[in-house]
Amino acid sequence: MVRRIPPLQPATEDVLKLAVEMVAEVMDARVVSLMSCQPNGELMVQAAIGLEERVVQEARIKPGQGVAGWVVEHRRPVCVSRLDDRNEVSASGRESYRTGTFLAVPIEGNQDLLGVLNVTDPASQRSFDAEDCHLLLDLAERVSSAWQQAQSLEANQMTVEGATTALRQLLQHVARGRRTAPDRVRMARAIARSMRLSEAEIGMIGFAATVHDVGMTMVSKEALEHGGSLTREERGRMERHAELGAELLRPLEAVGAVREIVLSHHEWWDGSGYPRRLQGDEIPIGARVLAVVDAYESMTLGRAHRSALSRDEALMEIVRRKGTQFDPEVVEAFERALPAVEEQVQQTASAESAESAATDTGR
């Protein structure tokens, strides 16, 4: 059964626009659209980035028609790495998918289908894969939670504001992270892949990597800039950022799996971390992965109060803390994954440089 959605209220429109912006940032995609199921069974675009206004206003998709219609009819996601991979999905080669790679996933409500989330034209120009599909499914769950809260007949203004505040802060955090630490997600996913985790786990860890320190947006700028000489009160607020981040995610998550990762990424393998002093396997695997990624990133980028270490110095320090701060298995996976990630980063930089040069030449 497809839920027949009434006209959107302004608060819901705001939530969906912010949700689309967040998806675009997390997926590093130039084109994102969110379509809702209408009373006549058709899909229409409710929020989008990268589409012409005419397309947004005129697009109407019937169940079974095109990619989005296929997703509605079958309640299954579509991941196309290139147009030759269309299989049973009809009409997927139209001009709007000119990049040759796209994703479309259902947005499931508590009982019925709310709509479809479409992503294409990745800025990196690489093909989407199964891990990306699971990442988008994770994002769709969070969009669904925020959407349903905003639409609920029982929702008060505070509930809607909670969802919009969470989305705004996540959006700001993800955008800042993409500028300051663009390889964080790539590294987290590579470690998870090296540990042979499932595609669903890899997708969830990838999303958690984009938001794990969102609680830092609620820590004062002064505390961040003087991290090495904090007062007891400032240190307490700094250490609470994991709890603040987990609480911020609450309006966007029904199950809480990502919140658990965010809450636990400063726990230590030997039980001396914070905030709950978890030990060993009590710490969610995603949090154990992010602990290593976060530490390596912090060491190599440096902080206002601490100079950056070289790649080899940071790697030696990570290995030294194996079995105390970090899960030994995660550290070993990190050592295996690091060379391949560094090669991918180099290839991406070369491709972006070549694209920039070609653009300059064409002017």
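See the values below:
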| read-out | value |
| --- | --- |
| Percent accessible area from carbon and sulfur atoms, segment 6-79, protein chains only, probe 1.4 Å | 48 percent |
| Euclidean distance between Cα centres, segment 52-85 to segment 190-211, Å | 27 Å |
| Sorted peptide list for 271-284, 33-46, criterion being average Cβ within 10 angstrom, highest first | 33-46, 271-284 |
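The values are calculated or read from the model by the stated rules, or taken from the named source; none is laboratory data. Owing to the predicted nature of the structure, the values given are computational and were not obtained by experimental measurement. Cβ sites come from the backbone with ideal geometry, for glycine too, and all protein chains shown count toward neighbours. Only protein heavy atoms, including side chains, enter the accessible area calculation; ligands, DNA and RNA are left aside. Shrake-Rupley method; radii C 1.70, N 1.55, O 1.52, S 1.80 Å.
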